[in-house]
Amino acid sequence: MVVLATRSDPSAATLREEAERQFDTNRFEEALATYTKLLAAHPDDIDGWRGKGHTLSRLGRAKEALAAYDEAVKLAPQNAAVWNDRAVQLMVLGRGKEALESLDRASALDPKSPLYFINRSAVLATLFEDIPGALRAVDTAIALAPNHPLGYLAKIQLLRGMGDEDGAKACLEAGLAACPDSRELQAEQMFY
């Protein structure tokens, strides 16, 4: 079992915060250098590996990003978020079966999170062209979090992609009823 002493280590925290600031201001090469420095001193820092993966992904270095996420998974196999990060990167690489396996792990660890079902929907729709399966995954996400707009937005996109404008409009209306303050859903109204 890995003990995460780096969370309270001021030098690790300082480096992590610096890298996050660099990332947030689109200074990805600098963020990568800072995450690399952090991980050289603190190789057990899960957030450092995740941040490095996110940064590499933004730089278009998908295989290296996956390697960073794999390190995070090795350190924290019971952390659903790292499995989700890994799944998203596998989807980017076109490795759908492995992405679904990672999403299965994430949802087994955190069965109430809609995010993993939304990402499952994206994998099924994009890599397998399984629209019925994608719709089932999105419906599960909406059932888990009916007051969160992401599930509705994903379903609207799927229905539009199928040419079902009436279904997309009905989904938008249901989403707005459940999430009346959602700017994302309000923006979708311009299509109708």
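Values in this text are rule-based calculations from the coordinates and carry no lab data. Predicted, not measured: the structure shown is a model, and the values here were computed from it. Neighbour counts are summed over all protein chains in view; Cβ atoms, including those assigned to glycine, are modelled from backbone coordinates with ideal geometry.
Points worth noting:
- Projection of the Cα convex hull of region 8-63, averaged over all directions and equal to a quarter of that hull's surface, yields 3.4 nm².
- Degrees separating the helix 115-127 axis from the principal Cα axis of the chain, which is the longest one: 70
- For residue 145, the shell of other residues with beta-carbons less than 13 Å away shows a net charge of 0, using +1 for Lys and Arg and -1 for Asp and Glu.
- Helical mean residue ellipticity (222 nm; -39500 (n - 2.57) per DSSP H run of 4+; nearest 500) of the chain: -23500 deg cm²/dmol
- Taking a Cβ cut-off of under 12 Å around residue 159, the surrounding Lys, Arg, Asp and Glu residues balance to a net charge of -2, with basic ones at +1 and acidic ones at -1.
- Crossing angle, helix 131-144 versus the chain [Cα axis fit, 0-90 degrees, rounded to tens]: 80
- Taking all pairs of distinct alpha-carbon atoms in region 1-111, Kirkwood radius in angstrom: 14.0
- Crossing angle, helix 46-58 versus the chain [Cα axis fit, 0-90 degrees, rounded to tens]: 60
- Solution diffusion estimate, µm²/s, Stokes-Einstein, region 130-192, Kirkwood Rh from C-alpha pairs, 10 °C, viscosity 1.306 mPa s: 139
- Simple Cβ-charge dipole of the chain, Lys/Arg +1 and Asp/Glu -1, about Cα centre, in debye nearest 20: 280
- Percent of alpha-carbon pairs separated by more than 24 Å within the chain: 48
- For residue 112, the lysines whose Cα falls under 25 Å of its own Cα, not counting residues fewer than eight places away in the same chain, are 74, 97, 155.
- Estimated at 0.36 nm per residue, the fully extended path between residue 27 and residue 192 surpasses their Cα-Cα distance by 55.6 nm.
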